[in-house]
Amino acid sequence: MMEISLKGQVILVTGGSRGIGAGITRQLLEAGAQVAVHYNSNEAKARKICQGYKAESHLFQADLSDALSTINLFKQVVERFGSLNCLVSNAGVAVSSADDKAEEQWISDWDFTMNVNLRACGILCKMAVEHFQAHGGGRIVNISSRAAFRGDTADYLAYAASKGGVVALTRSIARAYGKQNIKAFNIAPGFVRTDMAQDFMDQYGEDYALNDIALNQLTEPEDLAPTVAFLASGLADHATGCTIDINAGSYVH
Ligand SMILES: NC(=O)c1ccc[n+]([C@@H]2O[C@H](COP(=O)([O-])OP(=O)(O)OC[C@H]3O[C@@H](n4cnc5c(N)ncnc54)[C@H](OP(=O)(O)O)[C@@H]3O)[C@@H](O)[C@H]2O)c1
């Protein structure tokens, strides 16, 4: 029987306060991992998500659009737990930025998106790699997006570009540091029912999302979370460098 136990592992989940990150946090705690739960503005929600589990968790606040705060987040987690076995870089933003927006605003949306979705992920990955090198190895699971592969709408150019960057970053880590026992994986979700998807559906309608997939139901955070536990467990280490599509059959529809 295959059983996934993450007992003894310390895992940092960014954006654990809502949506996909909240689902991942619950799943990891259930599997016995000690979880460093990052949030930005929703401390109460993050606190509630961690309630009722035997496994230890601690909350960490950081605005990931700021590089220094991102660096401090990683340092605080290692200081609190003593070490880290796995980074789950999940926090992200999807800013709708119409191509006829004033140039200055469009550029500011671009920078903000890149800073949160790609630069923060890059900083955390770099710090995780350095930490793993000193501690015999570790794993990284980055949450990219289907948008990295098939593109997005005109309003979400920066979003798609940032997620493409995450894919290339993850593959490079897998390639460069595999011999040092460091594994890195991408998960590329399609629509997942969260606040982020709601913003998109408010703009385009739920039917737009459903017409895009093979299944009858939109993906929920709980449909993604077990895959993260599986990747963190070490049972899939030889899939390092891969991207796992979890998009309700978007590519075969
Ligand atoms: N939902 C989808 O359809 C979908 C599809 C493909 C990929 N994804 C990706 O999956 C990941 C999670 O998305 P989601 O749908 O769960 O999003 P969500 O419901 O909007 O939640 C976003 C999370 O990111 C955190 N966050 C947002 N801005 C931040 C900032 N400036 N600094 C630090 N943290 C910040 C939020 O923290 P607070 O709540 O504490 O502020 C929250 O925990 C993202 O990387 C997203 O791109 C989502």
PRE zone check, label point 7 Å out along Cα-to-Cβ of Ser96, amide N under 20 Å, scope region 155-181, hits 155-163
Counting only DSSP loop positions in region 1-58, the trypsin sites (Lys or Arg not before Pro) whose Cβ has at most 14 other Cβ atoms within 10 Å are Lys7, Lys54
Computed about the Cα centre, the charge dipole of region 92-191 from +1 Lys/Arg and -1 Asp/Glu charges at the Cβ has a magnitude in debye, to the nearest 20, of 880
Contact order relative to length for the chain, counting C-alpha pairs under 8 Å separated by 6 or more residues, stands in percent at 20
Per residue convex hull volume, Cα only, the chain, in Å³ is 130
Extension length gain for His58 and Glu220 (0.36 nm per residue less Cα distance), in nm, is 55.9 nm
Residues meeting the amide H criterion for Gly138 (H placed from the backbone, H to H distance under 5 Å, 5 or more places apart or on another chain) are Ile182, Lys183
Env charge @ Asn247, Cβ radius under 15 Å, K,R +1 / D,E -1, value -1
Pseudo-spin-label distance Asp207 to Gln133, built 7 Å along Cα→Cβ, given in nm, is 5.5
Exposed-loop cut sites defined as GluC sites (Glu not before Pro) in DSSP loop states with at most 15 other Cβ within 10 angstrom; longest site-free run of the chain spans 57-253
One finds the C-alpha centres of region 23-75 and region 232-253 to be spaced, in Å, by 24
In the neighbourhood of Ser162 defined by beta carbon distances under 13 Å, the net charge of the other residues (Lys, Arg +1; Asp, Glu -1) is -1
If one compares the long axis through the Cα atoms of helix 103-114 with the longest principal axis of the Cα atoms of the chain, the angle in degrees, nearest 10, works out at 30
So the FRET efficiency between Glu43 and Phe112, C-beta based with R0 = 25 Å and rounded to 0.05, is 0.70
In the chain, lysine pairs 8 or more places apart or on different chains with C-alpha atoms under 18 Å apart total 5
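Each reported figure results from applying straightforward, stated rules to the coordinates on display, with no laboratory input. It should be emphasised that the depicted structure is a prediction, and the values quoted were computed from it without experimental measurement. Note that we place each Cβ from the backbone using ideal geometry, even for glycine, and neighbour counts take in every protein chain shown.
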